[in-house]
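Notes follow once the structure below has been shown.
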Amino acid sequence: MAGSRTYRTRAIVLDKVKLKETDLILTLLAETGRQVQAVAKGARKPGSRLAARCELFCTADLLLAYGRSLDVVSQAELMAAPLGSSPSYERLCAASAIAEVAKFCSFQDSEDPFAFAITERALAMVGDAACDAVHLDVIVAAYVFKLLSHEGYRPDLSSCVLCGDTALSHFSAAAGGLLCASCAASVPGADELDANQVRWLQSLLALRFDELANAPIDAMTATFLLALAHVWAATHLDARLRALEFMLGR
């Protein structure tokens, strides 16, 4: 009986909201890829160990009890704190953007282990001291495109989405990817790209996070790629992504 009422899972804390005077509602991404809403009772009490073990962006080993509308955190053990104890402002911004997109791409009635794996890896890269502020933009942009591609929103970056021409110079989220100059003239809001930006956009999907983090890139190109990722996610998730907006406007 007791076993049927509880379950254990590793999970990433994506969000937390205050409940009453001492409780927290946690939005979790379980290792199965399922989104879980759970109450951490007493987490806001002075000296509570539960709050420290369920901090934002951390991975925890949780014992959860099934509830009517929200599950309840019975036990929590901290497994990984990728940002460390005193993260920089830039790393907090990047981690917030990753968690926000993960929240929109995970669901309570659907499992997808890839979502957990790529989110955990992206947060680890963001917390790596070797990853500078410029490459934080690249990692977040790559995460957005990789996760949404897995979810079914993969941009066509090999040729013009309208005519198939390989001379690519524009990008449109509404059209579905890269465009040639001729077709872009008929697509409102298409962003113009130079050859280097086109190559970098293709690399976001082709390369691993650690390869992207070690590749030389200038700040302007990195910010431009992040802006394209934001437009792509906002268009296909049909949502306002405030953390990404804040990251772009910081």
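Is it the case, given these coordinates, that Arg250 is closer than 24 Å to Lys103 by Cα and at pLDDT below 95?
yes
Could you check, for the range 176-199, whether at least one of its residues is closer than 15 Å to Val101 by Cβ and either modelled with pLDDT under 95 or crowded, with 16+ Cβ neighbours inside 10 Å (or both)?
No, the range 176-199 has no match at all.
Does the range 11-27 hold any residues that are of a type in the set (D, E, K, R) and either at pLDDT 90 or above or within 17 Å of Ala80 (Cα to Cα) (or both), and which are they?
Asp15, Lys16, Lys18, Asp23
List pairs: first in the range 227-250 and hydroxyl-bearing (Ser, Thr, Tyr), second surrounded by fewer than 16 Cβ atoms within 10 Å (Cβ to Cβ), Cβ under 9 Å, 6+ apart or cross-chain?
That search, which allows pairs on different chains as well, returns Thr235/Ala174.
For the range 200-223, enumerate the residues that are part of a helix (DSSP H, G or I) and either open to solvent by 30 Å² or more (accessible area, probe 1.4 Å) or of a type outside the set (A, V, I, L, M, F, W, C) (or both).
Gln202, Ser203, Leu205, Ala206, Asp210, Glu211, Asn214, Ala219, Met220, Thr221, Thr223
Out of the strands (runs of 3 or more DSSP E) lying entirely within the range 1-116, which hold 3 or more residues that are surrounded by fewer than 20 Cβ atoms within 10 Å (Cβ to Cβ) and β-branched (Val, Ile, Thr)?
Of the strands (runs of 3 or more DSSP E) lying wholly inside the range 1-116, those with at least 3 residues that are surrounded by fewer than 20 Cβ atoms within 10 Å (Cβ to Cβ) and β-branched (Val, Ile, Thr) span 6-19.
Considering only the range 232-247, how many residues are open to solvent by less than 60 Å² (accessible area, probe 1.4 Å) and out of contact with any Lys or Arg (no Cβ under 8 Å at 6 or more places or on another chain)?
Here the count works out to 9.
Quick test of your reading of the structure: Val140 fulfils all but one of (1) open to solvent by less than 40 Å² (accessible area, probe 1.4 Å); (2) part of a loop (DSSP other than H, G, I, E, B); (3) not hydroxyl-bearing (Ser, Thr, Tyr). Name the failing condition by number.
For Val140, the exception is condition (2).
Mind checking whether some residue in the range 162-174 is out of contact with any helix residue (DSSP H, G or I) (no Cβ under 8 Å at 6 or more places or on another chain), surrounded by fewer than 20 Cβ atoms within 10 Å (Cβ to Cβ) and of a type in the set (D, E, K, R)?
no
The values are calculated or read from the model by the stated rules, or taken from the named source; none is laboratory data. Since this is a predicted model, take the numbers as computed values, not measurements. So basically every Cβ, Gly included, is an ideal-geometry build from the backbone, and we count neighbours across all protein chains shown. We work out accessible area using only protein heavy atoms, side chains counted, and drop any ligands, DNA or RNA first. Shrake-Rupley method; radii C 1.70, N 1.55, O 1.52, S 1.80 Å.
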